[in-house]
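Read through the structure below, which is laid out as structure tokens, and then see the notes.
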Amino acid sequence: MFTGIVEEIGTIGSITSDGDSARVRVDCQRVVSDAQHGASIAVNGVCLTVVEHDDHGFSADVMGETLKCSSLGALRGGSLVNLERAVTADTRLSGHIVQGHVDGTGEITERTDHSQWEVVRLAIPAQLAGYVVEKGSITIDGISLTISGVSEPAEMMSWLEVSLIPTTRELTTLGSAAVGTVVNLEVDVLAKYIERQQAVAAARIPTMDAVPEQEMY
């Protein structure tokens, strides 16, 4: 589990394809200071498992499904990525609960500068629109952010907006991401649990047609 508080910006050293999977090498320092084989590190919001590491970075295997469902498949040597180690029991939850399981990708469509902050608008998949709410949490490329605006249900295109303070612009890759950049999205897992519970509860409620006639009296 993660909190969406980026610890370091790393650099992709290399990506080696192996059929429908790949091994990625990430050059960094801070997040490998206490790394162990099998440890979890979020790379642009994707939870990856450390298979090799040294003082200057780590390597991880990326499965085909992850390459297909996230923006990791578009990374190249030299690409900058947001990094965060998994939380420990005594970690402050400064962001929100982040699993590192990407739900889909979005695209930056607009950036509006407001001197001390910047509003970034992203087009998002229609199937994720129901999980985002104004003032709610969203993870964008591993960054825990508060949603400052959302599209109306009647709008043809689903979108959300987040506001970036100077610290976020300086310490994450989102600060310099250009319009057209594809980013990883993870919605609040609590919203997904609520939806699932409601669906299961609704399926368990018998309708009048489903009740045997002798039990109706």
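The values are calculated or read from the model by the stated rules, or taken from the named source; none is laboratory data. In this text the structure is predicted, and so the values were computed from the model without any measurement. Using ideal geometry, Cβ is built from the backbone for each residue, glycine included, and neighbour counts are taken over all protein chains shown. Heavy atoms of the whole protein, side chains included, go into the accessibility calculation; ligands, DNA and RNA do not. Shrake-Rupley method; radii C 1.70, N 1.55, O 1.52, S 1.80 Å.
Nothing charged except the Cβ atoms of Lys and Arg (+1) and of Asp and Glu (-1): what's the magnitude of the dipole of the stretch 12-58 about its Cα centre? Round to the nearest 20 debye. List each step's numbers first, then the result.
Values: 3 positive and 7 negative charges, 25 e Å.
Dipole of the stretch 12-58, to the nearest 20 debye: 120 debye.
By how many degrees, between 0 and 90 and to the nearest 10, does the Cα long axis of helix 189-204 differ from the longest principal axis of the chain?
20 degrees
Leaving out ligands, DNA and RNA, and with a 1.4 Å probe, what % of the accessible surface on the stretch 93-164 is carbon or sulfur?
Numbers: 1830 of 3550 Å².
That fraction is 52 percent.
In a Debye calculation with equal point scatterers on the alpha-carbon sites of the chain and no solvent, what is log10 I(q)/I(0) at q = 0.14, 0.17, 0.18 Å⁻¹?
-0.86, -1.20, -1.32
Compare I9, I124 by solvent-accessible area with a 1.4 Å probe and give them largest first, with all protein chains kept in place. Write out the running numbers ahead of the final one.
Numbers: I9 65, I124 15 Å².
Heavy-atom accessible area, descending, gives I9, I124.
Any idea how far apart S17 and Q29 come out in nm if each label point goes 7 Å out from Cα toward Cβ?
For the pair S17/Q29, the computed spacing is 3.4 nm.
Under 14 Å from the Cβ of I138, count the other residues' Cβ atoms, weight Lys and Arg +1, Asp and Glu -1, and hand me the total.
Values: positive: R121, K135, K192; negative: D103, E134, D141, E161, E186, D188.
It works out to a net charge of -3.
How high is the FRET efficiency between V200 and A126 when r is their beta carbon distance and R₀ equals 25 Å, given to the nearest 0.05? List each step's numbers first, then the result.
Details: r = 23 Å, r/R0 = 0.93.
The value I calculate is 0.60.
Report the rotationally averaged projected area of the stretch 38-125 based on its alpha-carbon convex hull, in square nanometres.
Numbers: hull surface 32.7 nm².
Computed as one quarter of the Cα hull surface, the answer is 8.2 nm².
Which whole-number value in Å² is the accessible area per residue of the stretch 25-142, probe 1.4 Å? Present the calculation step by step, with values, prior to reporting the outcome.
Numbers: 6000 Å² over 118 residues.
Value returned for the stretch 25-142: 51 Å² of accessible area per residue.
Between K135 and H114, take the C-beta separation as r, use R0 = 22 Å, and let me know the FRET efficiency to the nearest 0.05. Kindly include the intermediate steps, with their values, before the conclusion.
Working: r = 18 Å, r/R0 = 0.82.
That gives a FRET efficiency of 0.75.
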